[in-house]
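Structure, as structure tokens:
The values are calculated or read from the model by the stated rules, or taken from the named source; none is laboratory data. Note that this is a predicted model, so its numbers are computed, not measured. Here the Cβ positions follow ideal geometry from the backbone for every residue, glycine too, while neighbour counts run over all protein chains shown.
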Amino acid sequence: SYLVQLYEPLKQMSKKIADLQGSFASAERAFAVLDEPTDVIERPAARRLSRAHGAISFDDVSFAYAGERRNVLERVSFDVAAGTTLGITGTTGAGKTTLVSLLMRFYDPSQGAITLDGRDLRDYRLADLRDQFAIVLQEPVLFSTNLAENIAYARPGASDAEIIAAARAANAHDFICALPQGYETQVGERGMKLSGGERQRIALARAFLKDAPILILDEPTSSVDIRTETAIMDSMMRLIEGRTAFMIAHRLSTLDHCDERIEVEHGRLVVPRAYGPAGQPAAMRWGAAG
């Protein structure tokens, strides 16, 4: 009897030790990521930026990833006025996503400069610069927590009323309220308990809540059906109003509402295919040196 009483605590202890070893291994991997050197460096006297107007220029920008000899972007130049929606299209690997990665200073150009409101991106504090952007990706990153906390990730400390208002704006409130636990519903790892369209609406709700002056919409409707795309596009049009927006898409129909449109091919802007609405020539400076 005494041996049985002794065995159970020892069994639990050995299990806890195994769990602890697994936690140490996870922590080691996490710290390895945090210790990775950054690709960009903030200047010592970087300027503060509260809220940008949103005028953006690419001036003779070229870029190659570290260790690569071939440029992913080659001497790209164009201007986007504040409040303009720019549609970006092109084949996979053409350089579309690299454009917006440079815009948020995940990398710096190998040549040329990118300016925001007339000033080089490298002049701004990095945290302030990135705070100017709200991002909606093809596959939104959701966390294994409830819907309210997933939306509030865009602005920690947001009130319940603000979270609900953002969900309403994103056409997400009705489907959330139809769930048994409403905003307290657990979404599972990476949002696996939600459909693709529902995950996109949560991502849009985050963008509404953040209220950033510049939007990055990277293939936001490519993984949903036409009916869901219509509802999501309706929300996006409200979100875009009054902001500078970059919308990346393969479906040209997704770009129908853009003020300007460019096509990227092999890292260059395709000059004959730079269009505004309804196929009209884009009223913007653009260039791709050959």
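Can you tell me which residue is farthest from T244 (Cα to Cα) among those in the range 199-222 that are assigned to a helix (DSSP H, G or I) and either in contact with a Pro (Cβ under 7 Å, 6 or more places away or on another chain) or among the acidic types (D, E) (or both)? Working first, answer last.
From the range 199-222, those assigned to a helix (DSSP H, G or I) are 199-210; that's our starting set.
Keeping just the survivors that are either in contact with a Pro (Cβ under 7 Å, 6 or more places away or on another chain) or among the acidic types (D, E) (or both) gives 199-200, 202-203.
Numbers: R199: 23, Q200: 20, I202: 21, A203: 18 Å.
Of everything passing the filter in the range 199-222, R199 is farthest from T244 (Cα to Cα).
Each row is one residue, and each column tells you yes or no for (1) free of Cβ contacts under 8 Å to residues at least 12 places away in the same chain; (2) surrounded by fewer than 16 Cβ atoms within 10 Å (Cβ to Cβ); (3) hydroxyl-bearing (S, T, Y); (4) closer than 22 Å to G267 by Cα.
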position	(1), (2), (3), (4)
L49	no, no, no, no
D59	no, no, no, yes
L99	no, no, no, yes
L102	no, no, no, yes
Y124	no, no, yes, no
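Test of understanding: among S101, S77, S62, which residue is closer than 26 Å to R206 by Cα and either of a type outside the set (F, W, Y) or part of a loop (DSSP other than H, G, I, E, B) (or both)? Show your work before the answer.
On the way: S77 fails: closer than 26 Å to R206 by Cα; S62 fails: closer than 26 Å to R206 by Cα.
After ruling out the rest, the residue left standing is S101.
What do you reckon, is Q186 in contact (Cβ under 8 Å) with a residue 24 or more places away in the chain and surrounded by fewer than 19 Cβ atoms within 10 Å (Cβ to Cβ)? Spelling it out, Q186 is indeed in contact (Cβ under 8 Å) with a residue 24 or more places away in the chain and surrounded by fewer than 19 Cβ atoms within 10 Å (Cβ to Cβ).
Selection of the range 154-173 for residues being of a type outside the set (G, A, S), in contact (Cβ under 8 Å) with a residue 12 or more places away in the chain and closer than 24 Å to E229 by Cβ yields only N171. Out of the residues in the range 231-272 that are without any contact (Cβ under 8 Å) to a residue 12 or more places away in the chain and in a helix (DSSP H, G or I), state the one that is nearest to A94 (Cα to Cα). Residue satisfying both the conditions and the ranking: P272.
Does S144 fit the bill of being hydroxyl-bearing (S, T, Y) and part of a loop (DSSP other than H, G, I, E, B)? Break it down into steps so the answer makes sense when it comes.
On the way: hydroxyl-bearing (S, T, Y): yes; part of a loop (DSSP other than H, G, I, E, B): yes.
Here the answer is yes, as S144 does meet what is asked.
With the condition kept exactly as written, say whether any residue in the range 73-83 is assigned by TED's automatic domain parsing to the domain that holds C258, touching a strand residue (DSSP E or B) at 6+ places or on another chain (Cβ under 9 Å) and of a type in the set (S, T, Y). Yes - at least one qualifying residue is present in the range 73-83. From the list G118, G83, the one residue that fits, being over 30 Å from P180 (Cβ atoms), of a type outside the set (V, I, T) and surrounded by fewer than 16 Cβ atoms within 10 Å (Cβ to Cβ), is G118. Can you tell me which residue in the range 61-76 is surrounded by the fewest Cβ atoms within 10 Å (Cβ to Cβ), limited to those that are under 10 Å from D108 (Cα atoms) and of a type in the set (A, V, I, L, M, F, W, C)? Across the range 61-76, the extreme among qualifying residues is A64.
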